[in-house]
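**Q** The structure's right below; bear with me while I get my questions together.
The values are calculated or read from the model by the stated rules, or taken from the named source; none is laboratory data. Note that the structure is predicted; figures quoted are calculated from it, not measured. Cβ atoms come from the backbone with ideal geometry, glycine included; neighbour counts cover every protein chain shown.
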Amino acid sequence: MKLTESWVQNVIDDQFDDVELVTLEDVGNRRRRIIRLYVDVPGGVDHDLLAQVSHAVGAALDEARVAEGPYTLEVSSPGLERPLTKPRHFADRVGQKVWIRTAEPVAGKKVWQGVLRAADDTGVLVTEGDEEVRIGFDNVAKAHLVYEFE
């Protein structure tokens, strides 16, 4: 069995209401593997919820033997500069400042930081200064919110 976001989300859904797996990172190698989960819930997460999700997912990983060899499981909130990984994440953040790195250049640049003006099923519209560009989701390598301290 392969470790996927849908598998982890199903494990979470079996035990918790309204907890969303924002993203899954599986990094490292056989000697030092890290499985990192970012979860969110309406109203925000707390330490107790993170511990409960960690216990539930850890037990499921061990039972299903999804993780071959030793691993470290990290469960945390997505934070102020939460990653944007799904079309719904972008649609929920229209009007906010975002940072997007593309796989291929768009209008001569691979990094865009500006206001997210629109989002649909295929991509986003971002305004940076006087420039406005459309970036397809198939070209988004990495994206997150930009938190501005006041």
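**Q** Look at Ala119 and say whether it is without any contact (Cβ under 8 Å) to a residue 60 or more places away in the chain and loosely packed, with under 15 Cβ neighbours inside 10 Å.
**A** Values: without any contact (Cβ under 8 Å) to a residue 60 or more places away in the chain: yes; loosely packed, with under 15 Cβ neighbours inside 10 Å: no.
It is false that Ala119 is without any contact (Cβ under 8 Å) to a residue 60 or more places away in the chain and loosely packed, with under 15 Cβ neighbours inside 10 Å.
**Q** Filter segment 71-111 down to residues that are farther than 16 Å from Thr127 by Cβ and of a type in the set (Lys, Arg) and give me whichever is surrounded by the most Cβ atoms within 10 Å (Cβ to Cβ).
**A** Step by step, filter segment 71-111, then rank; the result is Arg82.
**Q** Say we look at segment 86-136 and pick out the residues that are among the basic types (Lys, Arg) and over 17 Å from the mean Cα position of the chain (by Cα); which of these is farthest from Ser6 (Cα to Cα)?
**A** Of segment 86-136, the ones among the basic types (Lys, Arg) are 86, 88, 93, 97, 101, 109-110, 117, 134.
Keeping just the survivors that are over 17 Å from the mean Cα position of the chain (by Cα) gives 109-110, 117, 134.
Numbers: Lys109: 32, Lys110: 29, Arg117: 29, Arg134: 28 Å.
That would be Lys109.
**Q** Among the residues of segment 104-134, write down those that are of a type in the set (A, V, I, L, M, F, W, C) and in a strand (DSSP E or B). Lay out the reasoning, then the answer.
**A** Filtering segment 104-134 down to residues of a type in the set (A, V, I, L, M, F, W, C) leaves 106-107, 111-112, 115-116, 118-119, 124-126, 133.
Hits for segment 104-134 are Val106, Val111, Trp112, Val115, Leu116, Ala118, Ala119, Val124, Leu125, Val126, Val133.
**Q** Just a yes or no: is a residue in segment 57-72 without any contact (Cβ under 8 Å) to a residue 24 or more places away in the chain and under 30 Å from Phe149 (Cα atoms)? Before you say what the answer is, go through the steps one by one.
**A** Step one: filter segment 57-72 for residues without any contact (Cβ under 8 Å) to a residue 24 or more places away in the chain, giving 58-59, 62-63.
Those left that are additionally under 30 Å from Phe149 (Cα atoms): none.
No, segment 57-72 contains no residue that is without any contact (Cβ under 8 Å) to a residue 24 or more places away in the chain and under 30 Å from Phe149 (Cα atoms).
**Q** Then there is this: If a residue must be more than 19 Å from Glu25 (Cβ to Cβ), among the aliphatic types (A, V, I, L, M) and not in a loop (DSSP other than H, G, I, E, B), how many such residues does segment 65-103 contain?
**A** Count: 2.
**Q** State all residues of segment 71-119 that are charged (D, E, K, R) and at pLDDT 95 or above; if no residue qualifies, say none. I'd like the intermediate steps shown before the answer.
**A** Initially, segment 71-119 is screened for residues charged (D, E, K, R), giving 74, 81-82, 86, 88, 92-93, 97, 101, 104, 109-110, 117.
Correct list: Glu74, Lys97, Arg101, Glu104, Lys109, Lys110, Arg117.
**Q** Do we find that Gly44 is surrounded by 13 or more Cβ atoms within 10 Å (Cβ to Cβ), within 23 Å of Ser6 (Cα to Cα) and either touching a residue at least 60 places away in the same chain (Cβ under 8 Å) or of a type in the set (Gly, Ala, Ser) (or both) in this structure? Quick ask: steps written out before the conclusion?
**A** Values: surrounded by 13 or more Cβ atoms within 10 Å (Cβ to Cβ): no; within 23 Å of Ser6 (Cα to Cα): yes; either touching a residue at least 60 places away in the same chain (Cβ under 8 Å) or of a type in the set (Gly, Ala, Ser) (or both): yes.
Taking the combined requirement at face value, the residue does not satisfy it.
**Q** Pairs, please: C-beta under 6 Å, at least 6 apart or cross-chain, first residue of a type in the set (Ser, Thr, Tyr) and in segment 134-147, second surrounded by fewer than 15 Cβ atoms within 10 Å (Cβ to Cβ)?
**A** Short answer, once both residue conditions are applied: Tyr147/Leu80; Tyr147/Glu81.
**Q** Let me ask you something else. Would you check if Ala59 is surrounded by fewer than 15 Cβ atoms within 10 Å (Cβ to Cβ) and assigned to a helix (DSSP H, G or I)?
**A** Numbers: surrounded by fewer than 15 Cβ atoms within 10 Å (Cβ to Cβ): yes; assigned to a helix (DSSP H, G or I): yes.
Against the criterion (surrounded by fewer than 15 Cβ atoms within 10 Å (Cβ to Cβ) and assigned to a helix (DSSP H, G or I)), Ala59 qualifies.
**Q** Between residues in segment 18-35 that are over 11 Å from Ala67 (Cα atoms) and residues that are of a type in the set (Asp, Glu), which pairs lie under 8 Å by C-beta distance while being six or more apart or on different chains?
**A** Listed pairs, sorted by first residue: Val19/Asp13; Val19/Asp40; Glu20/Asp40; Leu21/Glu5; Val22/Asp40; Thr23/Glu5; Leu24/Glu5.
**Q** So for segment 24-40 (the condition being surrounded by fewer than 13 Cβ atoms within 10 Å (Cβ to Cβ), within 12 Å of Val75 (Cα to Cα) and not aliphatic (A, V, I, L, M)), does at least one residue qualify?
**A** Scanning segment 24-40, I find at least one residue that is surrounded by fewer than 13 Cβ atoms within 10 Å (Cβ to Cβ), within 12 Å of Val75 (Cα to Cα) and not aliphatic (A, V, I, L, M), so the answer is yes.
**Q** Just the residues that are out of contact with any strand residue (DSSP E or B) (no Cβ under 8 Å at 6 or more places or on another chain) and over 18 Å from Glu128 (Cα atoms), please, taken from segment 87-116.
**A** Arg88, Asp92
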